[in-house]
Amino acid sequence: MEGNRRLGMSAATAEILGPGITGVLVAAITAPIAILFDALSFVVSGVAVWAIRTPEPAPAPALPVSIRDEALAGARVIWRNPVLRALALRAVVAFLSAGTLFSLYVIYSIRTLHMSTPVFGFTIALGGVGSLIGAFYFIPSA
């Protein structure tokens, strides 16, 4: 429970800082340059991961199975279990709906409400503040 709470706090902090900083950057240096900085951050991350020199333990020998067979076996397990099937279908609907909603949310906020990019970023960051408060004060039931 504590680990999940800390993970929620981490995600909420990213939700607060990311959109706020992005809104200011887009207003200050334009969207293409802000995207370039984002791409460069991925390059830095890749180099940092590549620089880790801790050897991985050898995996236990397993029967030769293709990735396709493993994926199909996992899908069968999920489809046969009613709880897992419901969770999987809920996840598919939620991700498709969220993708549509968030795309339209940006267009509506910028074009219809005429929000500037810093104000839009600040608005999204406010949602992160609520998430952070919820994660910080979460008290697991006994």
note = Counting only residues in region 81-105 that are closer than 17 Å to VAL26 by Cβ and exposed (fewer than 13 other Cβ atoms within 10 Å of the Cβ), the one farthest from the chain's Cα centre (by Cα) is identified as SER103
note = Of the residues in region 55-80, those that are among the acidic types (Asp, Glu), under 27 Å from the mean Cα position of the chain (by Cα) and in a helix (DSSP H, G or I) come to GLU70
request  = Please enumerate the residues belonging to region 24-80 that are surrounded by 10 or more Cβ atoms within 10 Å (Cβ to Cβ) and farther than 30 Å from VAL119 by Cα.
outcome  = GLY46, ASP69, GLU70, ALA71, LEU72, ALA73, GLY74, ALA75, ARG76, VAL77, ILE78, TRP79
task = Could you grab me the full set of residues in region 86-119 that are farther than 22 Å from LEU17 by Cβ and outside any helix (DSSP H, G or I)?
result = LEU113, HIS114
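Every number in this text was worked out from the coordinates using simple rules, so none of it is lab data. In this text the structure is predicted, and so the values were computed from the model without any measurement. When we count neighbours, we look across all protein chains shown, and the Cβ atoms used for this are built from the backbone with ideal geometry, even at glycine.
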